[in-house]
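**Student:** Have a look at this one.
The values are calculated or read from the model by the stated rules, or taken from the named source; none is laboratory data. Worth saying up front: this structure is predicted, and the values here are computed from it rather than measured. Backbone-built Cβ (ideal geometry, glycine too); neighbour counts: all protein chains shown. For the accessible areas, the whole protein counts, side chains as well, though only heavy atoms, and no ligand, DNA or RNA atoms are used. Shrake-Rupley method; radii C 1.70, N 1.55, O 1.52, S 1.80 Å.
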Amino acid sequence: MKRYILGFGLLLSLPALTACEKFLDVNNNPNNPVVSTPNFLLPGIISNGIQTQMFTALRTPYITQYVVSRTANSGGNDQYYFTNAQSTNTFNYSYFQSGGNIPVMQKVAQDEGSPYYVGAGKIMQAMILAHATDMLGDIPYSEAYQGGANFTPKYDSQQQIYATINQLCDEGIVEMSKPASAEFRPFYSTAPSESGDILYKGDPAKWVRLAYSLKARQAQHLTKKANYDPNAVLALCNNAFRTSADDAQINFQTAVAPLANTTNIFGVTRANFGTATFSSNIVKYLNGTTFPGVVDPRFGILTPTISTGIDPGRGTSTTANLTPGSTLTDFYGSWYARDLGYYEAITYHELKFIEAEAEFLAGNKPRALAALRAGITAHMKKVGAGGSYSPPAVTFPVILDGQIAAYLASSAVPQTEATLTLRSIMEQKYIAMFLNPDSWSDLRRYDYRADLYVNFLLPYYVNNNPPLGAGKLPRRLLPGATEVTVNPNAIIGLYTEAGATSDQDYVTKPLWFDRP
């Protein structure tokens, strides 16, 4: 609606604009330029681009059963009742807050001769598109970013978007592989303030590894396809992240009044999960239930040790799952819920699990087992560094090398290639991908298989009337509410193509990557 109101206002003001054209010409403010330089555009593209995944994570942890609602029969949270509003941030951040600035930055960077900025724009565009399509399906790209020239862009197929993601990554790698002498503008600066590459502090080699990591993630999504090639995925992994120091993540900062949006979206200040608690699904993996007698060293870090876990839809009227000494739910006793923590988009430990799965599917079990152990180790070392935060007063234990070795030698981890199973890989990846939306991609492409995800449950319903239909599980988010209003014909086309008869039916239709 704001777009239409703005357009109407401009029409009314046309005579005035013509009459005072010369007056306006002499009142241009040189301190408020229409086009900025790339070093001031890239930080927002990085921050908002990664936050696209972060805002989706307000919804997906309920789908993947990392968390559940403390309110029984909550419908819109852990009981899979979907609304367009739940998807609006995913769409809007993809196109307006982040993606819309990329063409502008790339043009300026290209014109001035700053290839690293061009490359960063391409790789960020690929990351944004990858997340949006994996959550929503078909999305705009070929006609996107035209502003007022086209408020109703067509939706490109997910298959085409996947091809575009690969192309953008490849083009970004070319730009990032150019010598530093080719760069007109410093890729990163701290004077007079931080600008440019706030993700990797001006290291183009890490951007190259990010591009290969993203390509590997997207290629591994296609395990249902007849042309899936695990060896091609492994070739990408060979050029991807090398250590956790390569992780693509944004660090949060102290809130500046009256705003709190510089702190962690999972944190106490923003309080998005005040009515949530941990699912029985994740707690059972950590507390010795799924692996009898094996308490995960991450118990007390991913979730507090007081967490008992609740089945989806059941709710809880007790205070057993509240942080001791406070009225806060136990969610805020998690290492991931620190106000000044960070949000992970894609990580080294995820790449090791991708490698483990691809090696397993390629029939190379010794290398699959080694990659599995490396992924577990990397995640434990990352979250097990210790530390504390307040409020609430939470101190996290340090995970010692001996504890990691003991866990790797336990029944929670296969000890030989003969005992290695796909379940071992996927459930350990599920633990290490805590709260990350891409866990949902794994659940979908393996059809929520009970032999792989042994703790996953259909939600409980008091009236036994699940909104998606008996036994059905979600495969996609609904289109964002803004698109339903502004681009309704495209949305009708999405429903027609999917063969959906209602919103809740649409949600159950597998996406292209999720189909053979």
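**Student:** Test PHE299 against the stated conditions and say whether it is among the aromatic types (Phe, Trp, Tyr), in contact with a helix residue (DSSP H, G or I) (Cβ under 7 Å, 6 or more places away or on another chain) and open to solvent by less than 10 Å² (accessible area, probe 1.4 Å).
**Tutor:** Considered against the rule, which asks whether it is among the aromatic types (Phe, Trp, Tyr), in contact with a helix residue (DSSP H, G or I) (Cβ under 7 Å, 6 or more places away or on another chain) and open to solvent by less than 10 Å² (accessible area, probe 1.4 Å), PHE299 comes out as no.
**Student:** Counting only residues that are of a type in the set (Lys, Arg), within 23 Å of ASP246 (Cβ to Cβ) and over 26 Å from the mean Cα position of the chain (by Cα), how many does the stretch 361-404 have?
**Tutor:** Qualifying residue count, the stretch 361-404: 1.
**Student:** Filter the stretch 345-360 down to the residues that are closer than 28 Å to ILE46 by Cβ and among the aromatic types (Phe, Trp, Tyr), then identify the one that is farthest from the chain's Cα centre (by Cα).
**Tutor:** PHE353
**Student:** Return the residue satisfying two criteria in turn: it lies in the stretch 122-151 and is open to solvent by 60 Å² or more (accessible area, probe 1.4 Å) and at pLDDT below 95, and of such residues it is nearest to THR52 (Cα to Cα).
**Tutor:** Filtering first and then ranking leaves TYR145.
**Student:** Quick check on this structure: which one of PHE513, PHE434 is outside any loop (DSSP other than H, G, I, E, B), crowded, with 17+ Cβ neighbours inside 10 Å and either among the hydrophobic types (A, V, I, L, M, F, W, C) or within 20 Å of the chain's Cα centre (by Cα) (or both)?
**Tutor:** So the residue among PHE513, PHE434 that is outside any loop (DSSP other than H, G, I, E, B), crowded, with 17+ Cβ neighbours inside 10 Å and either among the hydrophobic types (A, V, I, L, M, F, W, C) or within 20 Å of the chain's Cα centre (by Cα) (or both) is PHE513.
**Student:** Still on this structure: Taking TYR93 as meeting all but one of (1) at pLDDT below 95; (2) in a helix (DSSP H, G or I); (3) touching a Phe, Trp or Tyr at 6+ places or on another chain (Cβ under 9 Å); (4) over 30 Å from GLY274 (Cα atoms), write down the number of the exception.
**Tutor:** The single condition TYR93 does not satisfy is (4).
**Student:** Go through the stretch 69-89 and give me each residue that's open to solvent by 20 Å² or more (accessible area, probe 1.4 Å) and in a helix (DSSP H, G or I).
**Tutor:** Passing the criteria: ASN84, ALA85, GLN86, THR88, ASN89.
**Student:** A further question follows. Is it the case that the stretch 47-68 has a residue that's of a type in the set (S, T, N, Q), surrounded by fewer than 24 Cβ atoms within 10 Å (Cβ to Cβ) and on the phi > 0 side of the Ramachandran plot?
**Tutor:** Looking through the stretch 47-68, none of the residues is of a type in the set (S, T, N, Q), surrounded by fewer than 24 Cβ atoms within 10 Å (Cβ to Cβ) and on the phi > 0 side of the Ramachandran plot.
**Student:** Can you tell me which residue within the stretch 161-194, out of those that are touching a residue at least 60 places away in the same chain (Cβ under 8 Å) and in a helix (DSSP H, G or I), is surrounded by the fewest Cβ atoms within 10 Å (Cβ to Cβ)?
**Tutor:** Among them, the one singled out is ALA182.
**Student:** Of all residues in the stretch 492-510, which are outside any helix (DSSP H, G or I) and open to solvent by 40 Å² or more (accessible area, probe 1.4 Å)?
**Tutor:** Step one: filter the stretch 492-510 for residues outside any helix (DSSP H, G or I), giving 499-502, 508-510.
Hits for the stretch 492-510 are GLY499, THR501, SER502, LYS509, PRO510.
**Student:** Within the stretch 216-229, take every residue that is open to solvent by 20 Å² or more (accessible area, probe 1.4 Å) and in contact with a helix residue (DSSP H, G or I) (Cβ under 9 Å, 6 or more places away or on another chain) and give me the one that is farthest from ASP134 (Cα to Cα).
**Tutor:** Checking each candidate, the answer is ASP229.
**Student:** Take the residues of the stretch 237-260 that are at pLDDT 95 or above and open to solvent by less than 30 Å² (accessible area, probe 1.4 Å): which is nearest to the chain's Cα centre (by Cα)? If you could, list the steps in order and put the result at the bottom.
**Tutor:** Narrowing the stretch 237-260 to residues at pLDDT 95 or above: 237-249.
Subset that is open to solvent by less than 30 Å² (accessible area, probe 1.4 Å): 237, 240-241, 246-248.
Details: CYS237: 19, ALA240: 18, PHE241: 17, ASP246: 16, ASP247: 13, ALA248: 11 Å.
Once the filter is applied, the top-ranked residue is ALA248.
**Student:** Further, regarding this structure: Just one of ALA345, ALA371 is buried (at least 22 other Cβ atoms within 10 Å of the Cβ), without any contact (Cβ under 8 Å) to a residue 40 or more places away in the chain and touching an Asp or Glu at 6+ places or on another chain (Cβ under 9 Å); which is it?
**Tutor:** Matching residue, one of ALA345, ALA371: ALA371.
**Student:** I've got another one for you. Just to be sure I understand, how many residues within the stretch 374-390 are touching a helix residue (DSSP H, G or I) at 6+ places or on another chain (Cβ under 8 Å), open to solvent by 10 Å² or more (accessible area, probe 1.4 Å) and not aliphatic (A, V, I, L, M)?
**Tutor:** 3
**Student:** Just to be sure, is GLY293 open to solvent by 50 Å² or more (accessible area, probe 1.4 Å) and under 30 Å from GLY315 (Cα atoms)?
**Tutor:** yes
**Student:** Shifting gears a bit: Scan (1) in contact with a Ser or Thr (Cβ under 7 Å, 6 or more places away or on another chain); (2) surrounded by fewer than 21 Cβ atoms within 10 Å (Cβ to Cβ); (3) closer than 30 Å to LEU457 by Cβ for the single condition ASN92 breaks and write down its number.
**Tutor:** (3)
**Student:** Given the conditions (1) surrounded by 15 or more Cβ atoms within 10 Å (Cβ to Cβ); (2) touching a Phe, Trp or Tyr at 6+ places or on another chain (Cβ under 9 Å); (3) not in a helix (DSSP H, G or I), which single one is not true for GLY274?
**Tutor:** (1)
**Student:** Between a residue in the stretch 132-146 that is closer than 17 Å to GLN97 by Cα and aromatic (Phe, Trp, Tyr) and any residue that is open to solvent by less than 60 Å² (accessible area, probe 1.4 Å) and not in a helix (DSSP H, G or I), which pairs come within a Cβ distance under 8 Å, given they are 6 or more apart or on different chains?
**Tutor:** TYR141/ASP156
**Student:** Just the residues that are surrounded by fewer than 20 Cβ atoms within 10 Å (Cβ to Cβ) and touching a residue at least 12 places away in the same chain (Cβ under 8 Å), please, taken from the stretch 318-329.
**Tutor:** Those that are surrounded by fewer than 20 Cβ atoms within 10 Å (Cβ to Cβ) and touching a residue at least 12 places away in the same chain (Cβ under 8 Å): ALA320, PRO324, GLY325, SER326, LEU328.
**Student:** Just to be sure before I move on: is ALA248 under 25 Å from THR52 (Cα atoms), hydrophobic (A, V, I, L, M, F, W, C) and in contact (Cβ under 8 Å) with a residue 60 or more places away in the chain in the structure I sent?
**Tutor:** Taking the combined requirement at face value, the residue satisfies it.
**Student:** When you go through (1) charged (D, E, K, R); (2) in a loop (DSSP other than H, G, I, E, B); (3) in contact with a Lys or Arg (Cβ under 9 Å, 6 or more places away or on another chain) one by one for LYS472, which number turns out not to apply?
**Tutor:** Unmet for LYS472, out of (1) charged (D, E, K, R); (2) in a loop (DSSP other than H, G, I, E, B); (3) in contact with a Lys or Arg (Cβ under 9 Å, 6 or more places away or on another chain): (3).
**Student:** Tell me whether the stretch 69-80 contains one or more residues that are touching a residue at least 24 places away in the same chain (Cβ under 8 Å), in contact with a strand residue (DSSP E or B) (Cβ under 9 Å, 6 or more places away or on another chain), more than 23 Å from ARG270 (Cα to Cα) and not aromatic (Phe, Trp, Tyr).
**Tutor:** yes
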